[in-house]
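Everything below concerns the one structure shown next.
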Amino acid sequence: MTQKGSLKPVKKNKAEEPELEPLCCCEYIDRNGEKNHVAAFLCDCQDLDEGCERWITCKSVQPETCERIMETISDRLRIPWLRGAKKVNISIIPPLILLPIFLRVASWHFLLGVVVLTSLPVLALWYYYLTHRRKERTLFFLSLGLFSLGYMYYVFLQEVVPKGRVGPTQLALLTCGLFLILLALYRAKKNPGYLRNPASEDTSLGSNRTECLNRKGQKTKGFPGADVSGILNNRTPRDDQKGSSRLLAGSPTKAKEDWCAQCQLVRPARAWHCRICGTCVRRMDHHCVWINGCVGECNHQAFILALSIFLLTSVYGITLTLDTICRDRSVFTALFYCPGVYADYSSALSFTCVWYSAIITAGMGYIFLIQLINISYNVTEREVQQALRQKTGRRLLCGLIVDTGQYNRGFLRNWHQFSTLGTAPFQHPAEDIV
């Protein structure tokens, strides 16, 4: 028999595990696990020294060196904070600096405005394809969108409102629209419907239930044995029979398509794995760089709401601005012909911001139109791209409309299904029921 005293855990000596000293507001633990200080931002950086030396001597810098320099900068770029300096994502900084500079330079002359306003979308598309090709998440577009909203509102308050053509009611409506946009964006950035892996969702729970007794009293492995049936229950009730029949009736091709090797689960119907987010999403539509996340079953409605509110607010703000700086002209005419607008720098800056807002609004309007068409035909953007690659969809209006015919139930039923996304009950996995 073992004595009771031997069962008592041995107390560890506190002297053997010294506690780490608390960090001050300017200190942090770097990627190497060492304590560092924000004041030593450019200290002890061999890659940066080598890159500068090669640049001064007109020698080419290796891409690996540039990547290491960017990793070092992103790790050391921090702001003082309580209990240690906080890391700042480097991708949010360029819009904060470059956007005001470009817009103010574009306000100096008409030709400068044409060059700058043409180059901005080109640079944004180039950066988008660069990050999309590398499958990297970036806060650049989210920072650009939020800062554009704030800066346009700031220019409106500083340059347009003092001219006396905008009343308090109009200003209140514009401000209310801005807050509604932010609220809808906050809702759209929530969970789009990520699929969880029941086998690895709770390691502590899984370790405690590694072995369980079945009804006959034999020991079986609890969770691993329930993976197939439990994951199949992630399907919607309508697609459950189809999915399980495809998987169990001997359709290896379809079973291979439904199985996600990265997430180690069987995807429900219309779900897909996002290579940027690194997880599967229910009824995935697309990965949106403007919200730095996926648009799926749970946030698609909020995404459409944010787009609609943005378009209404932007058009209203453009109308108020053009009515102030180009009086006695219609909005469309003033947008293309506003004589004397560059004679005053305040009017020139407002006019430049109007054109910048118009470009952004046109781009968002195109996205909104595509979304409305896809919802009307009950297809997602992911399904449209897949149908175009496999040449299985029916193309209408020069490819603007792609009807796969798989889930189309008619205009009204499609919109009714979209209005109830995320509210329909679904069967919980078997692991959650146990």
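Odds and ends about this structure:
- Residues of the range 181-193 satisfying the condition of being in contact (Cβ under 8 Å) with a residue 12 or more places away in the chain and open to solvent by 80 Å² or more (accessible area, probe 1.4 Å): Arg187, Lys189, Lys190, Asn191
- Residue within the range 354-363 that is closer than 30 Å to Gln158 by Cβ, at pLDDT 90 or above and among the aromatic types (Phe, Trp, Tyr) present: yes
- So Leu397, is it modelled with pLDDT of 80 or more and surrounded by fewer than 12 Cβ atoms within 10 Å (Cβ to Cβ): no
- The set of residues in the range 315-349 being touching a Leu at 6+ places or on another chain (Cβ under 9 Å), open to solvent by less than 20 Å² (accessible area, probe 1.4 Å) and in a helix (DSSP H, G or I) consists of Gly317, Leu320, Leu322, Ala334, Leu349.
- One residue from Leu372, Leu388 being modelled with pLDDT of 90 or more, open to solvent by less than 90 Å² (accessible area, probe 1.4 Å) and in a helix (DSSP H, G or I): Leu372
- Filter result for Ile367 (closer than 26 Å to Ala269 by Cβ, in the same structural domain as Ala106 (by the TED database) and in a helix (DSSP H, G or I)): yes
- In this structure, Asn292 does not satisfy being touching an Asp or Glu at 6+ places or on another chain (Cβ under 9 Å) and crowded, with 18+ Cβ neighbours inside 10 Å.
The values are calculated or read from the model by the stated rules, or taken from the named source; none is laboratory data. Source: prediction; values computed, not measured. Heads up, the Cβs are rebuilt from the backbone with ideal geometry, glycines too, and the neighbour counts pull from every protein chain shown. SASA here: full protein model, heavy atoms, side chains in, ligands and nucleic acids out. Shrake-Rupley method; radii C 1.70, N 1.55, O 1.52, S 1.80 Å.
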